[in-house]
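Heads up: the structure comes next, in structure tokens.
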Amino acid sequence: MWQYSSKELVDGIDGPVDMNYLIGTPADHGVKELQSGVSYEAHVSDIGWQTFVQNGEIAGTTGQNKGIEALKMQLNDVDGGIEYRAHVRDIGWQDYVSNGQQAGTTGQAKPIEAVSIRLTGEVSEQYDIYYRVHSSDFGWLGWAKNGEDAGTQGYAKKVEAIQVQLVQKGGEAPGETSNAFKIKETEVQYQAHVSDIGWQNIVTNGEIAGTTGQNKGVEALKLQLSNARNGGIEYRAHVRDIGWQDYVSNGQQAGTTGQAKPIEAVSIRLIGEVSEQYDIYYRVHSSDFGWLDWAKNGEDAGTQGYAKKVEAIEICLVKKGDAAPGSTEKAFLKNN
């Protein structure tokens with residue numbers, strides 16, 4: 001790099017002026033030149049937006065306990081595009097954004113916990129895109145690629161740093177590819193409102209909600225999933241003097257409170273991607289009949305036409321196609 005000066009005329013300025021020329025590349029003068037490939041920037045808690053980095057460099061921080069809250073990514077001098085999405089604390093997976101748009105949030109103190117990145121167009125035929133994150137307490141996880149998830153879900157661990165890199169199609173990964181994404185098993189959580197008691201505490205995965213041996217009816221239920229990647233849960237109740245209510249979902253109330261109308265039967269089903277991964281089984285303890293058998297995936301469980309209240313319920317998730325928790329022969333009794 002070298003420099004020279006001269007006096008020249010410039011339009012709009014009277015008389016000669018000093019002109020200084022720096023010869024070399026932008027990097028020679030302390031200016032980072034964006035190379036062909038991928039560039040990305042991170043919005044970090046207590047710091048804000050950092051400058052763009054590129055091609056495997058680290059965005060974010062390590063050892064400072066600061067979470068990345070938002071990301072922007074773009075491609076340079078290649079034909080095609082880049083899409084990316086973030087799993088944000090208290091929000092979950094956001095929709096994909098692309099080509100310099102913001103994934104994540106700012107001003108809400110909600111760290112990103114996982115990311116997914118993919119290429120579109122011609123560049124996707126020429127390159128694989130690899131990426132890995134530094135997750136609080138876990139450290140650097142393995143490299144994911146081409147739309148795979150990287151980070152954690154269900155652990156409340158923030159992404160503190162990220163590396164993103166283009167590799168020629170079929171080329172060797174930048175490093176270890178195992179253990180790129182950690183996810184807690186999906187759980188079903190449910191809560192019963194019981195006559196003379198009110199709302200009980202939330203229970204999970206096969207535990208009993210309600211009571212047995214006390215002649216107290218379950219009058220309302222709330223169900224939800226935790227750590228579900230994509231999807232939800234819908235459920236309905238058959239209520240004394242009302243009949244079948246409409247389906248509600250994801251923590252909403254099925255049944256009634258303050259009306260002394262017990263639930264007599266239920267139907268529960270999964271929706272979305274989680275329904276492809278799990279079957280949902282459930283059974284009820286019905287007054288006089290006791291524990292009935294297990295229903296699953298939208299089947300009815302309980303009684304209809306007998307005026308027998310549901311006193312307790314068990315609900316559990318089972319990996320798709322695995323064995324039922326017990327007998328499934330008589331889950332629902334109907335008196336015509």
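Points worth noting:
- Both numbers refer to the Cα atoms of the range 38-183; Rg and Dmax are 13.7, 40 Å.
- Ordering LEU141, LEU333 from the fewest to the most neighbouring beta carbons within 10 Å gives LEU333, LEU141.
- Cα gyration tensor category, rounded, prolate or oblate, for the range 187-334 with a/c compared to 1.5: prolate
- Pairwise centroid distance, computed over Cα atoms, of the range 126-190 with the range 65-107, Å: 14
- From the coordinates shown, Kirkwood radius over Cα pairs in Å corresponds to which of [x] 23.7; [y] 21.1; [z] 27.9: [x]
- Shape parameters for the range 88-154, alpha-carbon atoms, Rg then Dmax in Å: 13.0, 38
- Choice from SER178, SER45, SER226 with maximal GNM fluctuation in the chain (Cα, 10 Å cutoff): SER178
- Taking the Cα centre of the range 86-243 as reference, the dipole from Cβ charges on Lys and Arg (+1) and Asp and Glu (-1) amounts to some 220 debye.
- Contact order relative to length of the range 191-336, as percent, for alpha carbon pairs under 8 angstrom and 6 or more apart: 23
The numbers here are math on the coordinates, done by the rules we state, and not lab data. None of the values given here were measured: they were computed from a predicted structure. Methodologically, a virtual Cβ is constructed for each residue, glycine included, from the backbone with ideal geometry; neighbour enumeration extends over all protein chains shown.
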